[in-house]
1. For residues that are hydrophobic (A, V, I, L, M, F, W, C) and either part of a loop (DSSP other than H, G, I, E, B) or loosely packed, with under 10 Cβ neighbours inside 10 Å (or both), tally how many sit in the stretch 8-38.
2. Quickly run through the stretch 14-28 and pick out the residues that are among the hydrophobic types (A, V, I, L, M, F, W, C) and either modelled with pLDDT of 95 or more or in contact with a strand residue (DSSP E or B) (Cβ under 8 Å, 6 or more places away or on another chain) (or both).
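The values are calculated or read from the model by the stated rules, or taken from the named source; none is laboratory data. In this text the structure is predicted, and so the values were computed from the model without any measurement. Methodologically, a virtual Cβ is constructed for each residue, glycine included, from the backbone with ideal geometry; neighbour enumeration extends over all protein chains shown.
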Amino acid sequence: MITDEDINKLLTIFATKEELRQLEERMNNNIKDQSNMILTLVDKVLVEVKATREEQAVHFATHDDINTRLDRLESVTGISH
């Protein structure tokens, strides 16, 4: 038969249901915090990527404009590269 002393020893070795629930809650909160941190960092990176793409689009459009103007000048002056 299990005595009170045996039960006390078991309680010091094994976690109770309540302790396991508390551990689960702490782990879930930690996961949520980590997920939020990761998403915040990813959002910052995506903002930078979007800005870079917009800058590249403007840069390429400028090149197209310059090339068009150059082609026009070359056709009028008869000079080509």
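1. Within the stretch 8-38, the first condition is being hydrophobic (A, V, I, L, M, F, W, C), and the residues that meet it are 10-11, 13-15, 20, 23, 27, 31, 37-38.
Add one more test, that the residue is either part of a loop (DSSP other than H, G, I, E, B) or loosely packed, with under 10 Cβ neighbours inside 10 Å (or both), and what stays is 13-15.
Here the count works out to 3.
2. Selection gives LEU20, LEU23, MET27.
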